[in-house]
Every structure is written in structure tokens, then in C-alpha cells.
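> One structure, as C-alpha cells, below. Some questions next.
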Amino acid sequence: MAPDPLAQVAREAREGDVGAQRRLLVAVAPALLPPLRMILGARHPDLEDVMQEALLGLLHGLAAFRGESSVLHFARRIATKRAIDARRRERTTASKLEHARDVDAPGPLTPRDEMVASRRRGHLRELLGELPPAQAEALAMRVVLGRSIEEIAQETAAPVNTVRSRLRLAKEALRQRIETDPSLGELLLGETS
């Protein structure tokens, strides 16, 4: 494995070097936007706030960072957790679908396709927010960040079989929820009229 280019900056930041903290945040911030946008939506009104929470979480988390993954992976994991927390908070304020917005989609879409895609993403975010935190984190890391099961296990400090179980339970919960709500199943399968 190649040496982590941010490892030294992270060590200096952990020791309280304000300049190193600033360099670290500037270096990782652009890489945190894609997972935040995937979980929250590109135009979510709290996107910038969640980004700031993630960056502050990174600075606070440096004390516990053991260097078992790259600093960037560590930062993305924190950002994913903050986004899931924000989605969960949003759900409890009874505004589940109000803030679902378009995520950059490949190719031109018709207005109807854009509306269906936006509703579909909103429902998926809502479903993700209904899962227990450990399951939601594992699923988001697998689907949004593209992590392998082994990478998720390493980054969450959980056994591989526990990660497999969390993913299986999350998929079962989502499948059951979709099967019990026919309109949701139709929307997610793209069979809307």
C-alpha cells in the first residue's frame, strides 16, 4: 500500500498545529462532497452544515485515528455518518421528502424523468433513515462509497461477519418495507404511471 500523503499533516493537526488543521481540511473537503450529496441530495439545504460537522468531526476524531486506513477514507466515513445522522434528524422533524432534490444525473432527462428520479432518491433516503445506525452506515459505505465488506469491517472496527450480517439485515428491512408498500415498490422499480 502506498504511503498516505495526508498522514503527516494529520499527525501535525492532531498535535494542535492550526496550519496543519487548515491544510488537512482544505485537502479532504472536496472528497467529502460526493458521499454527502449522494446521501442528502445535491441541493439539500443543510449540505454545507453537514460538511462543516463532518470536518469538525474529522478534527475531533484525529485523536482516535490509528492509521489503519487512509486519512481520506477516515474522513469519508465520518462524513457518511454525519449525513446519515442529518437524514435521521430530518425524518424526526416531519419533513421527509421536502428537501429531496436532484443528484447530478448522467445525460439529459425529461422533466417527468427528473421528477421520478428525485422522488425515487427521496424515498431511498427516507428508507435509509429508517434503518438502525450500524446497518445504515454499512449499507451507505457499501453502496454510496463502494467499499468492500473487508474495507467496511476495517473502517468500522467490526468483524467481517458482523458487516455481512448488517448488510443482510439492512437489505431485508428495505425489501420488506418495499414489499409492504406497493406504491413505493412501483416507484423504485420505475413502473410509475
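The values are calculated or read from the model by the stated rules, or taken from the named source; none is laboratory data. Note that the structure is a prediction, hence the values are computed from the model and not measured. Virtual Cβ from ideal backbone geometry, glycine too; neighbours counted across all protein chains shown. Side chains are part of the model used for accessible areas, which takes the heavy atoms of the whole protein and leaves out ligands, DNA and RNA. Shrake-Rupley method; radii C 1.70, N 1.55, O 1.52, S 1.80 Å.
> Hey, what do the phi angles of segment 24-32 turn into as Karplus ³J(HN,Hα) couplings, whole Hz, using 6.51/-1.76/1.60 and θ = phi - 60°, x for Gly and Pro?
Result, ordered by residue: 5, 5, 5, 6, 8, 3, x, 6, 8 Hz.
> Give me a comma-separated list of calculated 3J(HN,Hα) values for segment 140-148, in order, Karplus coefficients 6.51, -1.76, 1.60 applied at θ = phi - 60°, integers in Hz, x for any Gly or Pro.
So the Karplus estimates, Gly and Pro as x, are 5, 5, 6, 7, 7, 8, x, 6, 6 Hz.
> So what is the relative contact order of segment 1-68, in percent, for Cα pairs below 8 Å that sit 6 or more residues apart?
32
> Taking square-rooted eigenvalues a ≥ b ≥ c of the alpha carbon gyration tensor, is segment 121-181 rounded, prolate or oblate, where a/c under 1.5 means rounded and, failing that, a/b exceeding b/c means prolate?
In terms of gyration-tensor shape, prolate.
> Multiply the residue gap between Asp181 and Leu109 by 0.36 nm, knock off their C-alpha separation, and tell me the result in nm, one decimal place.
Contour length minus the Cα-Cα distance gives 23.3 nm.
> Shifting gears a bit: Assuming R0 = 22 Å, what is the FRET efficiency of Glu48 and Val18, from their Cβ-Cβ distance, to the nearest 0.05?
Step by step, r from the Cβ atoms, then E = 0.50.
> Using the Karplus curve 6.51 cos²θ - 1.76 cosθ + 1.60 with θ = phi - 60°, what ³J(HN,Hα) values do you get for each residue of segment 41-53, in whole Hz, with x for Gly and Pro?
Computed from phi, the couplings for segment 41-53 are x, 4, 10, 4, x, 9, 4, 5, 5, 5, 4, 5, 4 Hz.
> I would also like to ask the following. What is the packing order of peptides 167-176, 33-42, taking the mean over residues of other C-beta atoms within 10 Å and listing the highest first?
Packing order, densest peptide first, comes out as 33-42, 167-176.
> Here is a follow-up. Note the full-extension length gain between Ala2 and Arg88 as 0.36 nm times their separation in residues minus their Cα-Cα distance, in nm to one decimal.
Going from the current span to full extension adds 27.3 nm.
> Please calculate how many Å² of accessible area segment 47-91 carries per residue, with a 1.4 Å probe and no DNA, RNA or ligand atoms counted.
That works out to 46 Å² per residue.
> Here's another thing I want to ask about it. Run the simple label-point estimate for Glu172 and Val26 please: 7 Å along Cα→C-beta, distance reported in nm.
For the pair Glu172/Val26, the computed spacing is 5.0 nm.
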